[in-house]
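All remarks here apply to the structure that follows.
The values are calculated or read from the model by the stated rules, or taken from the named source; none is laboratory data. Since this is a predicted model, take the numbers as computed values, not measurements. Note that we place each Cβ from the backbone using ideal geometry, even for glycine, and neighbour counts take in every protein chain shown.
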Amino acid sequence: MTAQPFTIHSVSAEQSLNDWIAQQLAPGARVQMRLRGNVLHVLTETHHLLHQSGAVTRLVDALINHPLGSEVITEVYPQAYQLYIYSRR
């Protein structure tokens, strides 16, 4: 799976990042993000719980293959150093 390019839009950069992460983890998922300190918490809501290792692998692959790399996230959340992914129905 090839990551789709993500561009920063000044009006809704956070929403664009939410949509991009949802597309990478589970198309159609609802994603909420919250920064606590240096940890970006990502909650995905889907019909079926995401498999932890599969979700992390898909997101890491998308970041590796993206032209901006991890800057996709740090452009919106510059102080984020860790990413926690949660899933619920």
Pairs where the first residue, in segment 35-58, is more than 16 Å from Leu83 (Cα to Cα) and the second is loosely packed, with under 14 Cβ neighbours inside 10 Å, C-beta under 6 Å, 6+ apart
Glu45/Arg30; Glu45/Arg88
Restricting attention to segment 1-45, which residues are in a strand (DSSP E or B) and either among the aliphatic types (A, V, I, L, M) or modelled with pLDDT under 90 (or both)?
Val31, Met33, Leu35, Val39, Leu40, Val42, Leu43
Of the residues that sit in segment 31-59 and are under 16 Å from Asp19 (Cα atoms) and of a type in the set (Val, Ile, Thr), which one is farthest from the chain's Cα centre (by Cα)?
Thr46
Of the numbered conditions (1) exposed (fewer than 11 other Cβ atoms within 10 Å of the Cβ); (2) of a type in the set (Ser, Thr, Tyr); (3) part of a strand (DSSP E or B), Tyr86 fails exactly one; give the number of that condition.
(1)
Would you check which residues across segment 46-83 are assigned to a loop (DSSP other than H, G, I, E, B), out of contact with any strand residue (DSSP E or B) (no Cβ under 8 Å at 6 or more places or on another chain) and of a type outside the set (Gly, Ala, Ser) and list them?
His47, His48, His51, His66, Pro67, Leu68, Glu75, Val76, Pro78
Please go through segment 64-76 and give me each residue that is of a type outside the set (Val, Ile, Thr) and buried (at least 18 other Cβ atoms within 10 Å of the Cβ), ordered by number.
His66
Determine whether segment 65-74 contains at least one residue that is modelled with pLDDT of 90 or more and of a type in the set (Ser, Thr, Tyr).
no
